[in-house]
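Just so you know, all these numbers are worked out from the coordinates, no wet-lab data involved. Just so it is clear, the model here is predicted, and its values are computed rather than measured. Heads up, the Cβs are rebuilt from the backbone with ideal geometry, glycines too, and the neighbour counts pull from every protein chain shown.
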Amino acid sequence: MVGRGVVGVVSSESRAGRPGRRPIAPPAEAKQPVNAALAGPYGHPWHPLLVTVPIGAWVASLVFDVGSFVVPAAGFLVAGSRWLIALGVLGGLAAALVGALDLLAIPPHTPARRTAVAHMVLNLVVVAAYVTGFLWRRGTEGASTVGAGQLALSVVAVALLAVSGSLGGRLVFRFGVRVADERTQVTGYRDVRDEVGEETA
């Protein structure tokens, strides 16, 4: 996590002598939600909660696709996979809208902002791929297996989703986007035995 002192150096020294450039916002300010009701309160954003819907739905859809080649008379898996794709698209759009609010909280011209933009673009590509896949599967309700091209599209989409997820992890665990500051974090590591009157080790 970037410390407050490091950002202070960037703002005061690296920006010195560069008129017209706005100083980078301190981490404490950048971590605040743009809108707590829509993006989630401080330290508890909605985006990580919402992304579980498309990730789970799309991975399950791929499992159903593969299963349609293994299970006999697997038309129910083909139909189920298509509707899991639709569920993932709806969840993905909701997560993208909330994630866009978190992106607005990141100062521009920073590695975190560039990573967030790449994360968002990849996610939109994945959503577009699944919308294409859903439309492609129209009229396949009676099929016992998915088409090879449809399966390949799902595999590529899940691979891109994994890359995007890696970027999302970088935003959280390296850059601390929407993560509470260290003064808040340290409250989770206090010795609670002191609070109940027990002897400390």
Using alpha carbon centers only, region 55-71 is separated from region 120-195 by a whole-angstrom value of 16
At R0 = 22 Å the Cβ-Cβ FRET efficiency linking ALA94 and PHE173, nearest 0.05, sits at 0.40
Correct semi-axes for region 32-181, from √(5λ) of the alpha-carbon gyration tensor and rounded to whole Å with the largest first, are 34, 14, 12
Per the 1/(1 + (r/R0)^6) rule, R0 = 35 Å and r from the Cβ atoms of GLN32 and VAL71, FRET efficiency to 0.05 is 0.10
PHE64 neighbourhood, Cβ < 12 Å, K/R = +1, D/E = -1, net charge +1
FRET efficiency (TRP83, VAL163; Cβ distance; R0 25 Å; to 0.05) is 0.45
